[in-house]
1. Given H placed on each backbone N at 1.01 Å, which residues far from Val521 in sequence or on other chains put an amide H within less than 5 Å of it?
2. When Rg is the radius of gyration of the Cα atoms in the chain and Rh is its Kirkwood radius, what does Rg/Rh come to?
3. Under a point spin-label approximation (7 Å from Cα along Cα-to-Cβ), what is the Lys415-Gln568 distance to one decimal in nm?
4. About the Cα centre of the chain, what is the dipole size in debye to 20, counting +1 per Lys and Arg Cβ and -1 per Asp and Glu Cβ, all else neutral?
5. If we count chymotrypsin sites (Phe, Trp or Tyr not before Pro) as exposed when they sit in a DSSP loop and have at most 15 other beta carbons within 10 Å, what is the longest stretch of the chain that avoids them all?
6. Using only the alpha-carbon atoms, how far is helix 436-445 inclined from the longest principal axis of the chain? Give it as 0 to 90 degrees, nearest 10.
7. In the stretch 250-395, what is the volume of the convex hull around the alpha carbon atoms, normalised per residue and reported in Å³?
8. Just the number, please: carbon plus sulfur as a percent of the accessible area of the stretch 174-253, 1.4 Å probe, no ligands or DNA/RNA counted.
Amino acid sequence: MLRLFRFLQPFRIPIAFVLVMVFLQSLSELYLPTLMADIVDHGIVKGDTAYIWRIGGFMLLVSAAGVLFSITASYYSSTVAAGFGKVVRGKVFAHVENFSLHEFDKFGTASLITRTTNDITQVQQVLVMILRMMVMAPMMCIGGIIMAVSKDAQLSLVLVVVLPVLAGAIFGIAGRAIPLFKVMQVKVDKLNLVLREALTGIRVIRAFNRTDHEKRRFHDANRDLTDTAIKANKIMAAMMPTMIVVLNFSSIAIIWFGGIRIGAGNMQVGDLMAFLQYAMQIMFSLIMVSMMFVMVPRASASAVRINEVLDMAADITDAPNAKHEEGSKGVVEFQDVTFSYPGAEKPALSGITFTARPGEVTAIIGGTGSGKSTLISLIPRFYDIDSGRILIDGTDIRELTQESLRAQIGLVPQKAELFSGTIADNIRFGKEDAGDEEVRHAAEIAQAADFISGMKDGFESSIAQGGMNLSGGQKQRLSIARALVRKPLIYVFDDSFSALDFKTDAKLRAALRHETTESTVIIVAQRVSTIMDADRIIVLDEGRIAGIGPHKELMQTCEVYREIVYSQLSEEEIA
């Protein structure tokens, strides 16, 4: 957890101010019992009312100062903790944004969400306690012991017996609860995962009548977390009664033996009252320490999880001398490219060599698991290849910055991802400064203008999170419009026409032909009808190229392609 505190550097001055306020508050609380002893003893012996009023007024002043110090320390410690949480969340989010898909797969989305929210909140809460108690608890304990011994050294022997008992009880209870608090964070991850899957997959769940099954999954995860929390809190619930019992017996012992010493003339009543106050302060400081012992390990477990994210080095980074430049044509070349997923037994792609040129449509087709989407993911460098080279206008993509590389590409992913906001906002996601006319033109090319105009607010119509209020075909068309508004050198369509009807598909491809005459177009498709008129068709089979050429040529030379065609088209359509 200490490693995370490096993010506290911008808050050095407020932290120093908090520590000073806590120090002054501790002094005021330690000084009050002595003033009380003086006023009690002096008032009883002499009956000096003026003295009592004077010292009493001074006690009120010290108390008011202590309250002011406490409020100020609370305000600034909360401000520092909130600022710290903001900084760490920002650092984690920015770092995660640089992850390759491999790192996302390793952590999992649900875990990353929990680490960015719940775990950082745990550390933030503990930071407030540390700022308040890190100075106060030791000072109150040590200062209370010194002041108690100064009042009566012999009566302090009661503390010698009581404090080890209290400390042993605290460590015994905390030692049993701490492992459970660490386990809770892992179970929060599990609950978050189940909840996220249930919410995002609600359509599938209902379609297959699996609602009861998902309820049971959530109930099991929820019950698992609840049982662990209850078990931990039951153990912690024993702490306060234990503290109260020890405190009460300590008070009885102090008053009992203190009364004997007063009767013997070895101690005054005011000193006994002050001693009792110091004993309470010492024990409450130990209780504060016990609270830290409980919270700090849980926050420490959270801090470890946060540091795992921050320490994860992205597999894909810019080279030290990476070029920040864009190509002029958009020629994409694969030269004997081989790629394997981490831990895979064999490569997902082997010996891939082809060239996609501007003004041409290069189509990629193949069976399920043949590596089509994997090949597409290599162009924007979502993964790094094992061997070979991928060139854009003769420059290896690893020699370009990721920003400049991706600025040349308009990617339409297999799953159309939309964001909450308006339709116009989602199209402008491809080009932030796109004007209204550019947005409208992109929508028209993508065959989205008709359904947009039919909506109540047109381009200002709201889109729900994930585009849940749109059909699959509408989401695909908006995703295509988002790429078109960018006007990149290279268009990459990863099975982006699968949800379109044949009529819309044909109209869209015809419009794209005119719009992308100077760009390189790469299309991954499952439907043969989508790519029959492509200038070049690449047929993949088990990660290797089984054939390259136009449709007619492949029908004669590539058996894999013929099988795909015959499985989708009738003899009349083929002819």
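The values are calculated or read from the model by the stated rules, or taken from the named source; none is laboratory data. None of these values were measured; they are calculated from a predicted model. Reconstructed Cβ throughout: ideal geometry from the backbone, glycine too, with neighbour counts over all protein chains shown. For the accessible areas, the whole protein counts, side chains as well, though only heavy atoms, and no ligand, DNA or RNA atoms are used. Shrake-Rupley method; radii C 1.70, N 1.55, O 1.52, S 1.80 Å.
1. HN-HN under 5 Å from Val521: Gly359, Glu360, Thr362, Tyr491.
2. Numbers: Rg = 35.5 Å, Rh = 29.9 Å.
Expressed as Rg/Rh, it is 1.19.
3. About 2.3 nm, to one decimal.
4. On the way: 57 positive and 60 negative charges, 458 e Å.
About 2200 debye.
5. Numbers: sites that count: Phe208, Phe419.
The longest such stretch corresponds to 209-418.
6. Once rounded, the angle reads 50 degrees.
7. Numbers: hull volume 36.2 nm³, N = 146.
Once divided by residue count, the hull of the stretch 250-395 is 248 Å³.
8. Working: 3190 of 5090 Å².
Whole-percent figure for carbon plus sulfur exposure: 63.
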